Each structure stands twice: as C-alpha cells, then as structure tokens.
1. So for 351, 54, 242, fewest C-beta neighbours within 10 Å to most, what's the order?
2. Pop out the ³J(HN,Hα) list for segment 351-362 in order, Karplus 6.51 cos²θ - 1.76 cosθ + 1.60 with θ = phi - 60°, rounded to Hz; leave Gly and Pro as x.
3. Test of understanding: ordering 400, 103 by Cβ neighbours within 10 Å, fewest first, what list do you get?
4. Given a Förster distance of 25 angstrom, what is the FRET efficiency for residue 388 paired with residue 366, based on the Cβ-Cβ distance and rounded to 0.05?
5. In nm, to one decimal, how far is the modelled label at residue 403 from the one at residue 107, with both set 7 Å along Cα→Cβ?
6. Just grab the label-to-label distance for residue 311 and residue 241, each label 7 Å out from Cα along the Cβ direction, in nm (one decimal).
7. Ordered by packing density, taken as the mean number of other Cβ atoms within 10 Å over each peptide's residues, highest first, how do 174-180, 308-314 rank?
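Derivation of every value follows stated rules applied to the coordinates shown; laboratory data play no part. Since the structure is predicted, the reported quantities are computational estimates derived from the model, not experimental observations. When we count neighbours, we look across all protein chains shown, and the Cβ atoms used for this are built from the backbone with ideal geometry, even at glycine.
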Amino acid sequence: MRERLRGSLFIFIIQSAVLLLLLERWWPTFNGLGPSIWISMLLVGAAAAAIAATRESARIEAEARPVTEVSPRSQFGIVVLHWGADVLTLSIIPTVMVSSVAYLLVAAFGYGYFDWGYPLYALLFGIAMVLLGKVAARLFAGRVIAPLVAFVLAVYAWMYTIVTSAHADTWTMFDRAALLFVVLLAALLFVGLLLAYRASEKRAAAVAGLTLVGFVALVFIGGSIHVYNYPRVPTADPECVTVASDSICVWPEDEPLLPGLVAQLERAQALEAAAGIERPSIVFAEPGYDGASRGGHRMTVAPVEGGASLRSAQGFVAPAVDTHTGFPQCVDGNSTGEDFDRHFQVADLMTAYVIGDMADDSWATSSPEMDAWRLQVGQVLEEWPEADRVAWLGEQLAHYNEYCEFSGEIAQ
C-alpha cells in the first residue's frame, strides 16, 4: 500500500509542478487553466504508464513462482483488484486532487472560468496510460524495456489523442469528442489486457502485441486528422461591438459585461477628442484574442465579473497616457521621480473619469498622497457639468502631451 501511495504522491507532485511552471501563462487568462492541465499530462501520463508497467512486470514475475495454491477465479479477482488500485492511485486520486485545488484557487483569487472537459480528459487519459503500461508489461518481459516502451507510447498518445495549441488560449473551448476518443482507447487497452491475462503464456504476448499495434493505429488515425487545424479544440467566436472607430471583443459568456465596457470606452474616446489626440483604430479584447485579425492594433482589456472595472478602465486609458504609446517624450529611462509622478497623476485622473465616478474611493495606488489629491480634484469635478468636466480634462491632457507639464491645479 505504501508503494502505491508513494506513486500517487509522485504523480501529484509532477502535475502540481507543471501547473506551477505554467502559472504565469494560465492565471491571467479566462480559459488557461484547462489547457495547462492537459499540458501537464505529457509527464503525468508517461510516468503513470512507466510505473504501471514496472508494477505489472513485478506481478508477472511473482505469478511465475506462486507460494500457495490459489483458484483461478480467486487469482483473477486479486489481479483485477491490483489493476483497480493502480488506476486509483496513479490516475484518479492525483488528478482529482490537483484539479480541485486549481479550481478552488481560481474561484477564490482568479477570474474567468474552469472548463471541466480538460480535467475529465486528464483523468480518462491517465486511466488509459495505466492500462497501456500493463499491456506493455504483458508483451515485453523484464522491468526495463516494458516501462521504456510504455513511456514512449504514452508520449506519442499525448501528442495525438487531443490536438490543441500548447498554450492558454482564451478563445478555444474543449470539444467533448476527445473524451469519446480516449474512452475508446481505454476500452481497447482494457479488453486487450484482459485477453492477454486469460490467454496462455505464448498467446499472451501475441494478444498484447496486437493490442499495442491497434492502440498505435487508432491514435494515428484519430489524432492525425488534419493536425494543424486542431480538430478537437474548436475556436469560439467572440462577441464584439463597434464603438466609433474602435471595437470591444469579449468571451461569449461575458456578453453581459459589454454595456459597462462600452460606456467606459465612450468616456475614454471623449477625453481623447477633447485633447485632440488622434490614433488608429484599436480592438480592445479579453486576454488571448489577437486584435490584428480585426484590422486594429492589439490591446488587451480584462473585465471582471459584475461589469466594467478599474482594470478595464486602465486598459481604455492606456492609448492616451501609456508611456509606450502616448507620451514617450515625457517619461523614458532617464526620467526622474517627478516625471513619473506627473505621468501617473494624469493617468489616474483620466482613469477615474473613465470609471464613471471621479469621487470613487474604492481603489487606490501605492501613493496615499496622490490618491488624496485625485479624490480632492475628483470631488470638485463631480460637481461640474459633464461638458465642462470633459473640456478641463482634455485641456490638461493636451497640455501634458505638448509640454510634459501638469500642475493639477483646479478652481474650487
């Protein structure tokens, strides 16, 4: 039992380590965790297959020198229990644990959604790889070559049983056809393993060999259908709206967020118009979408659940105040602390307007002094008519753009 628990812990550590390595890739995306779980199965599936092959080889050697007499029916029941224990400890337990922890982390601290198709696929794939290792052990005698063959075949199966891009892509969704495919592979391996066990010693190797040939052929046929089109991971059409010359694109399930985002973008566009800023059209999108495909520059906006947010407002303001786009002459590598303070004063003030409430104190920066100044100015501007407020902000933005100066003074 300890050996099985060690194997389960080993698989859990491998899968957790891979997810941690991919943390920066999947955490800031809306559908990144699912594909990352699939990526982890490259090592997890191969390790599970190799461990299962090693255990089955040891069991075959033990069966060759029985100590006590056991009826065939009882012996078969014991073997099936061993198979089930390996499936449980090498696939089900570690995969469920890792997926559950990852889901709880996303639910508590992340955003986006968790596609259960990927962990379910990982679970079924792990089961199939355990069976693959046992079939390999029935064909290749010894504890060295069987695990090696199982490892190689598991890597091959990982590449082709599900065809997807090896990165977190917001706009892809799991196709349930991959589940059916991996279930078919697991069924083939289980039937082959069962027949190999019930066959005579000479026929067992032949049955196991035919099973592996069928496995390779099925993986090749099912996984090589136009590989470059990623047939089992279709791409979802984003929900997009046009706002003047710009566009906003969101994940389909985030369509209810569009009205709030549109309102923020309209306020940002009003500021740019008042400041006389001209720029190319931009596609503002949730992570993973290439705006260039819609004819605009790429710009990422990540709304959170419940509507428009500080993060999305900062994204809409960025084209007007970002040092890499709007004002490289004001802030660069040689700029002083005062230069950066002026830049962030302008950016924070414009962001407060785009959010829609300049007196909102629910967000803050690392500078309490600048936050207090922003709230003081914001409370004054909130009392002004909308046209006057936009005109004053646009004037400040234009002056900063031309002279890199910003006093922040406002008539009370």
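1. On the way: 351 24, 54 18, 242 12.
Fewest-to-most ranking of 351, 54, 242: 242, 54, 351.
2. Result, rounded to whole Hz: 5, 4, 5, 5, 4, x, 9, 6, 9, 6, 9, 7.
3. Details: 400 21, 103 15.
The fewest-first ordering by Cβ neighbours comes to 103, 400.
4. Numbers: r = 31 Å, r/R0 = 1.24.
According to the calculation, E is roughly 0.20.
5. According to this spin-label approximation, the distance is 5.6 nm.
6. For the pair residue 311/residue 241, the computed spacing is 2.0 nm.
7. Numbers: 174-180: 17.4, 308-314: 20.6.
So the peptides 174-180, 308-314, ranked by packing, come out 308-314, 174-180.
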